[in-house]
Amino acid sequence: MSFFNEGNKYYNLKDYEKAIDFYKMSIENNEHTACSYYNSGVCYIKLKNFDKSIEMIKIALSSQQESKYFFNLAYCYAMKDDMKKALIYFNMSWSLDPSDKDCEKAINLIMTKNKKAL
C-alpha cells in the first residue's frame, strides 16, 4: 500500500485529518517526502490551521521549490494578515511561473489594498 496515495484518497474525500495521518506515514517511510509535507500543508489550509500549514510547506520547500508551494505559503500569510510575507512569497511563486494569473491577481490585490491604506 502507498501511504501517499491513501493520503490523496482521503484528501479527495475531504477527510483532511485522515489524509494528514497517511501523509505522516508516507513521510516516515520516505515516500514522496516533499509532496507529503506539502499535501499535509494544504490539508491544514482546508482546516484553517495556517500556522501548521506554514510549518509543513516550509519543510517541503527546504527540499523542493515549486511555484505552488510558494503560492500556498503566501496564501497562508495573507490569511494571517501578514501582507509583507504574503507579497514576498507570491512574488517568488510568480517568478517561478510567470503565467500564473492567480498569483498576478493576488499581488495586484495586495498592492491595491496597500495603496488605499496609505
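Read the figures in this text as sums done on the coordinates, not as results from a lab. Values in this document were obtained by computation on a predicted structure and should not be read as measured data. Cβ placement follows ideal geometry from the backbone for every residue including glycine, while neighbour counts extend to all protein chains displayed.
What to note about this one:
- Whole-number percent relative contact order across the chain, with pairs defined as alpha carbons under 8 Å at least 6 apart: 15 percent
- Spin-label pair Leu47/Lys18, simplified geometry with 7 Å Cα→Cβ offset, distance in nm: 1.4 nm
- Residues Lys58 and Ser2, FRET efficiency given R0 of 22 Å [Cβ-Cβ distance, rounded to 0.05]: 0.35
- Rounded to 10°, Cα long-axis angle of helix 101-117 versus longest principal axis of the chain: 50 degrees
- Free of any trypsin sites (Lys or Arg not before Pro) that DSSP assigns to a loop and that have at most 14 other C-beta atoms within 10 Å, the longest stretch within the chain is 81-118.
- Of the cross-linked pairs Lys9/Lys58; Lys46/Lys80; Lys58/Lys113; Lys48/Lys85, those separated by over 21 Å at the C-alpha level are Lys9/Lys58; Lys58/Lys113.
- Rule-of-thumb Rg ratio for region 67-118 [Cα; 2.2 N^0.38 Å; N residues]: 1.03
- Under the Debye formula (equal points on every Cα, no solvent term), log10 I(q)/I(0) of region 1-64 at q = 0.27 Å⁻¹: -1.10
- Helix axis angle, 67-79 relative to the chain longest principal axis, alpha carbon, degrees: 70 degrees
- Low-density loop cleavage sites - chymotrypsin sites (Phe, Trp or Tyr not before Pro) in region 26-109, where at most 10 other Cβ are within 10 Å (DSSP): none
- Inter-label distance, nm, simple model (7 Å from Cα along the C-beta direction), Leu109/Glu31: 3.6 nm
- Taking the C-alpha atoms only, the angle from helix 33-46 to the longest principal axis of the chain is near 60 degrees.
- Residue-averaged [θ]222 nm for the chain, counting only DSSP H segments that reach four residues, each worth -39500 (n - 2.57): -26000 deg cm²/dmol
- Modelled label positions at Glu66 and Asp97, each set 7 Å beyond Cα in the direction of Cβ, lie 0.8 nm from each other.
- Stokes-Einstein translational diffusion, the chain - Kirkwood Rh over all Cα pairs, 1.002 mPa s, 20 °C, in µm²/s: 147 µm²/s
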